Amino acid sequence: MSVVRRLGLAFLLAGVVALAGCQTTTSGGVVGGERKQLLLVSSQELDRMAAQSYAKLQSDSRTKGTLNRDPALLARVRAVAARIEPQTAVFRRDAPGWNWEVNVISSDELNAFCMPGGKIMFYSGLIRKLDLGDDEIAVVMGHEVAHALREHSREQVSQAIAARSVIDIGAALLGLGQGSADIAGVAYQALIATRFSRNDESEADRIGLELTARAGYDPRVGITLWQKMMKANSGGRPPEFLSTHPAETNRVQQIQALLPVVLPLYEAARRNH
């Protein structure tokens, strides 16, 4: 088989893999959160793995005495979550019924996340070091919840599976050794995966800002939040929370552009409270 025909077959197989998993997981909201995604693994399997990982993190933190040490801080974070969780129905009808969990780890780390299925964890350092108000906590939480709603983890795993499959097929068809396939895999991780990850972060910013506003928290504080992040980042290595995220200046610009869209949602939510 000629090299051209082998490459053609490899690209054809890649297209089949992509088309087999393209679907959408969310509605658009006012910020436009709907698009097709490559989803080759089941959400149930990913949720199961996330629940196991979250349970282990809780167990390890409990053993260290760092889980939910500050009842007042825990109450603040859970109160924000209680207002955001019902708003997830705008993007996914099933999401309010997820088995949501919200906990806080006492740590200087500037970090927060929401695992697939609604497993939220905040690190106290993010709130205390940046002196976050409840509105700012809501912006962070909305962003992290958006990742779970949009199933970015599932999408990233699927992209890695598809890329690995195409690389292996291409290497075999071209008669290349495993070493060449491994090099191609490293290149994919270094270039493509990082770019997708930044796109995911930008998408989570948009969806998260809408969740924040619908929950009755002021989305305008997203600007002060990222100004605080920029200040925290000025001393050198970015905090873990900002790894692979878009530049903070770009995030501020995106928030400013979205405010005319989400502020009416915030004002309506405030009138209804």
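Read-outs throughout are calculated quantities, based only on the coordinates presented, and are distinct from any laboratory measurement. All values derive from a computational prediction rather than experimental measurement. Every residue, glycine as well, gets a Cβ built from its backbone with ideal geometry; the counts of neighbours run over all protein chains shown.
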Which aspartates and glutamates, on any chain, are close to residue 231 with Cα under 18 Å apart, when same-chain ones fewer than 8 places away are left out? 108, 109, 131, 136, 240, 248
Per-residue HN-Hα couplings for region 74-88 [Karplus 6.51, -1.76, 1.60; θ = phi - 60°; Hz; x = Gly/Pro]: 4, 4, 4, 5, 5, 5, 5, 4, 4, 8, 7, 3, x, 6, 5
Output wanted: per-residue J couplings in Hz (rounded whole) for region 213-226, from phi through Karplus 6.51 cos²θ - 1.76 cosθ + 1.60, θ = phi - 60°, x for Gly and Pro. 5, 5, 7, x, 9, 6, x, 5, 6, x, 5, 5, 4, 6
Based on the inverse mean of 1/r over its pairs of different Cα atoms, what is the Kirkwood hydrodynamic radius of region 46-90, in Å? 12.4
Going by average Cβ neighbours within 10 Å, how do the peptides 100-112, 138-150, 216-228, 260-272 rank, with the highest at the top? 138-150, 216-228, 100-112, 260-272
³J(HN,Hα) across region 258-271 via Karplus (A = 6.51, B = -1.76, C = 1.60, θ = phi - 60°), whole Hz, x for Gly/Pro? 8, 4, x, 7, 9, 4, x, 5, 4, 5, 5, 5, 5, 5
